[in-house]
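Below is one structure, written out as structure tokens; comments come after it.
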Amino acid sequence: MLSMKNERNYRKSPKKNIGFYISLAVCLAAVAGAAWTTYGSIQEYTQMSDESSVQESENARVNEEVSGQDYEESKVEESSKPEASDARQSSDIQTSEREQESEASVEASALQTVTEESKAMTAEPIDKGEILKPFSPKNPVKSETMGDWRTHSGVDISAGDGTPVRAIMSGVVKDLYSDPMLGNVIVIEHTGGYESYYCGVTDTSVAQKGSNVKAGDTIGYIGNVPSESKDKSHLHLEVKLDGNYMDPTLIY
């Protein structure tokens, strides 16, 4: 009896039923909103983690490449530094200066020797001979016989066939030999590191290997220089000081 009464009361209060459903809907919406917010946070965190990993990987790769480039570039920079190029140029200049100083020293030494020995100790290789072709160890001169331009390691002194050839300084006949370019050659060794080469003499040389000669002594006669046969008849004279060619005219 009471139950039926309550049921009638319940049915008589539809507003209470509507309120219940509204409350239920609000609760479900709140739960759904919380769930969605949580899911969004998880997704955002996951995305940020993935992006962070990708960025770290990219940074590592870039660092690796940059590190390698730095190493390679450092090697290139070291090899192409202006200081290195300047150092090489400075070295070349110093080498050239040393060579010039060496040549100047040779000539100065020759002049000093001549001064000390005096002209009485030297003699002209050809009496009243004129220089046809000067000493030119660096600048090429025209060779009529060979048809080209070449350096000239001695001097050519004019002289007719059979003209006597004389020793320019006292010394010892070191060698006698025949050269396909220079003809018959007489080599005299002098004191002070000098050697004189008389090229193009006849094969009837009066000098003997090992014999002593004095300045002005006749050692041979004018013959022929094969590599200079188209030039006027002459003596090709070369002089070395400590193995280096020098201008023979500094001696006599």
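The values are calculated or read from the model by the stated rules, or taken from the named source; none is laboratory data. Because the structure is predicted, anything quoted here is derived from the model rather than measured. Here the Cβ is made from the backbone with ideal geometry for all residues, glycine too, and neighbour counts use every protein chain on show.
Only one residue in Tyr177, Tyr198 is surrounded by fewer than 20 Cβ atoms within 10 Å (Cβ to Cβ) and among the aromatic types (Phe, Trp, Tyr). Which one?
None of the others qualify; the one that does is Tyr177.
Being touching a Ser or Thr at 6+ places or on another chain (Cβ under 9 Å) and aliphatic (A, V, I, L, M) is the requirement here; does Ile222 meet it?
Considered against the rule, which asks whether it is touching a Ser or Thr at 6+ places or on another chain (Cβ under 9 Å) and aliphatic (A, V, I, L, M), Ile222 comes out as yes.
Looking only at residues in the range 227-244 that are under 30 Å from the mean Cα position of the chain (by Cα) and either not in a strand (DSSP E or B) or not assigned by TED's automatic domain parsing to the domain that holds Lys142 (or both), which one is surrounded by the most Cβ atoms within 10 Å (Cβ to Cβ)?
Looking at residues that are under 30 Å from the mean Cα position of the chain (by Cα) and either not in a strand (DSSP E or B) or not assigned by TED's automatic domain parsing to the domain that holds Lys142 (or both), I get Asp242.
Within the range 115-200, considering only strands (runs of 3 or more DSSP E) that don't extend past its boundaries, which have at least 3 residues that are in contact with a strand residue (DSSP E or B) (Cβ under 9 Å, 6 or more places away or on another chain) and under 14 Å from Val239 (Cβ atoms)?
Once the strands (runs of 3 or more DSSP E) in the range 115-200 are filtered for at least 3 residues that are in contact with a strand residue (DSSP E or B) (Cβ under 9 Å, 6 or more places away or on another chain) and under 14 Å from Val239 (Cβ atoms), what remains is 155-158, 183-189.
Tell me yes or no: at least one residue of the range 202-210 is modelled with pLDDT of 95 or more and polar (S, T, N, Q).
No - not one qualifying residue is present in the range 202-210.
When you go through Val173, Val201 one by one, which is the residue that is closer than 21 Å to Ile251 by Cβ and free of Cβ contacts under 8 Å to residues at least 40 places away in the same chain?
Val201
May I ask you to verify whether Leu182 is out of contact with any helix residue (DSSP H, G or I) (no Cβ under 8 Å at 6 or more places or on another chain) and surrounded by 17 or more Cβ atoms within 10 Å (Cβ to Cβ)?
No.
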